[in-house]
Amino acid sequence: MADFEPVLKAVVPAAGLGTRFLPATKATPKEMLPVVDKPAIQYVVEEAVAAGLNDVLMITGRSKRSIEDHFDRAYELEEALRAKGDDDRLAAVRESSDLAIMHYVRQGEPRGLGHAVHCARQHVGNEPFAVLLGDDMIDARDRLLTRMIEVRRRNGGSVVALMEVEPDQVSAYGCAAIEGTDEDDVVKITDLVEKPPAGEAPSNWIIIGRYICDPAVFDVLEKTPPGRGGEIQLTDALRTLADMPVENGGTVYGVKFRGRRYDTGNKLEYLRTVVQFASERPDLAPEFMPWLREFVRRDGVETPAES
């Protein structure tokens, strides 16, 4: 079978209100909260670029202007750093503006992930595209997106990233009913369920925030009614595609991911992510790790429940 058309564009939905992080997100987008010294959203864009996707469309909202500013040039700051001879910080500032060709469109109103993805239709056109959710960060050493693009190129259809979790965690995610293929890490999706009740999930394989979508998803999203939470769910559209023939843009595959994933969608996981990243930074770990060990060992350190 001939290769299917290449994936060249990435869509990053970033229009959420970030209510889990209030009051910090009252005036600052959740996506701009730093993981050590770089906003979480930059790691996501870097992942897209590393997979060869240099055309990035950000789906934003009216309170997200600082995201656009971050990926733009900051001439006054650059000139001040240049005048001081601070080449390292100058390079760090320039890095985000040189990453990719960035585009922006506003969602207008929060009507769900499916609606956010549909907002990309005019920019994407009739091409396959990647969707990367900002709450999920994939370690740069694990080339998940590259693998998903390869599966799409050979098989067509759409591709989702799957990760196995404990049964009691499934109800917090969308999960998949799957059947095997001749590749150990690739499955065919037979059904998708958004946040199923405990005990009713078709498997322990959840969908994490990486997708490769066939452009046929746009027509399906137009006809997809609001689902769970009164929102238009991308999961519902992908379930429809799973039952369509590949020549019409249908069929959905899953890539089983067993690598390193970091969650920044809630406060506890965000803190864990920051600590993990700091622990692996060669400029920070030599001092940070001994301090962290001593802090954990120190007599008198108690959790609120213990005090």
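The values are calculated or read from the model by the stated rules, or taken from the named source; none is laboratory data. Because the structure is a prediction, the values reported are computed rather than measured. Methodologically, a virtual Cβ is constructed for each residue, glycine included, from the backbone with ideal geometry; neighbour enumeration extends over all protein chains shown. Surface accessibility is based on the protein's heavy atoms, side chains included, excluding ligands, DNA and RNA. Shrake-Rupley method; radii C 1.70, N 1.55, O 1.52, S 1.80 Å.
Only one residue in Leu113, Leu53, Leu132 is surrounded by 13 or more Cβ atoms within 10 Å (Cβ to Cβ) and in contact with a Pro (Cβ under 7 Å, 6 or more places away or on another chain), so which one is that?
Numbers: Leu53 fails: in contact with a Pro (Cβ under 7 Å, 6 or more places away or on another chain); Leu132 fails: in contact with a Pro (Cβ under 7 Å, 6 or more places away or on another chain).
That would be Leu113, the only listed residue that is surrounded by 13 or more Cβ atoms within 10 Å (Cβ to Cβ) and in contact with a Pro (Cβ under 7 Å, 6 or more places away or on another chain).
Would you confirm whether any residue within the range 52-60 is touching a residue at least 40 places away in the same chain (Cβ under 8 Å), in a strand (DSSP E or B) and not aliphatic (A, V, I, L, M)? Outline the logic, then answer.
Step one: list which residues in the range 52-60 are touching a residue at least 40 places away in the same chain (Cβ under 8 Å), which gives 52-60.
Adding the requirement that they be in a strand (DSSP E or B) leaves 55-60.
Add one more test, that the residue is not aliphatic (A, V, I, L, M), and what stays is 55, 60.
Yes, some residue in the range 52-60 is touching a residue at least 40 places away in the same chain (Cβ under 8 Å), in a strand (DSSP E or B) and not aliphatic (A, V, I, L, M).
Looking only at residues that are of a type in the set (Val, Ile, Thr) and closer than 25 Å to Tyr262 by Cα in the range 280-307, which one is modelled with the lowest pLDDT? Walk me through how you get there before you give the answer.
Of the range 280-307, the ones of a type in the set (Val, Ile, Thr) are 296, 301, 303.
With the extra rule that they be closer than 25 Å to Tyr262 by Cα, the set shrinks to 296, 303.
Details: Val296: 88, Thr303: 58.
So, considering only residues that are of a type in the set (Val, Ile, Thr) and closer than 25 Å to Tyr262 by Cα, the one modelled with the lowest pLDDT is Thr303.
Each row is one residue, and each column tells you yes or no for (1) farther than 24 Å from Arg210 by Cα; (2) touching a Ser or Thr at 6+ places or on another chain (Cβ under 8 Å); (3) modelled with pLDDT of 95 or more.
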site: Phe4; (1), (2), (3): no, no, no
site: Ala24; (1), (2), (3): yes, no, no
site: Pro29; (1), (2), (3): no, yes, no
site: Glu47; (1), (2), (3): no, no, yes
site: Lys64; (1), (2), (3): no, no, no
site: Tyr75; (1), (2), (3): yes, no, no
site: Lys84; (1), (2), (3): yes, no, no
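Where residues in the range 69-92 are in a helix (DSSP H, G or I) and within 30 Å of Val124 (Cβ to Cβ), which of them is farthest from the chain's Cα centre (by Cα)?
Kept after step one, since they are in a helix (DSSP H, G or I), are these residues of the range 69-92: 69-70, 75-83, 87-92.
Next, from what is left, pick out any that are within 30 Å of Val124 (Cβ to Cβ): 69-70.
Values: Asp69: 20, His70: 18 Å.
Filtering the range 69-92 for residues that are in a helix (DSSP H, G or I) and within 30 Å of Val124 (Cβ to Cβ), the one farthest from the chain's Cα centre (by Cα) comes out as Asp69.
Consider Ser66 against the criteria (1) open to solvent by less than 80 Å² (accessible area, probe 1.4 Å); (2) assigned to a loop (DSSP other than H, G, I, E, B): it satisfies all of them except one. Which criterion is unmet?
(2)
So which pairs qualify, if the first residue must be in the range 185-203 and without any contact (Cβ under 8 Å) to a residue 60 or more places away in the chain and closer than 21 Å to Gly259 by Cβ, the second must be open to solvent by 60 Å² or more (accessible area, probe 1.4 Å) and not in a loop (DSSP other than H, G, I, E, B), the Cβ gap must be under 9 Å, and the two must be at least 6 apart or on different chains?
Taking only residues 6 or more apart or on different chains, the pairs are Ser203/Glu164.
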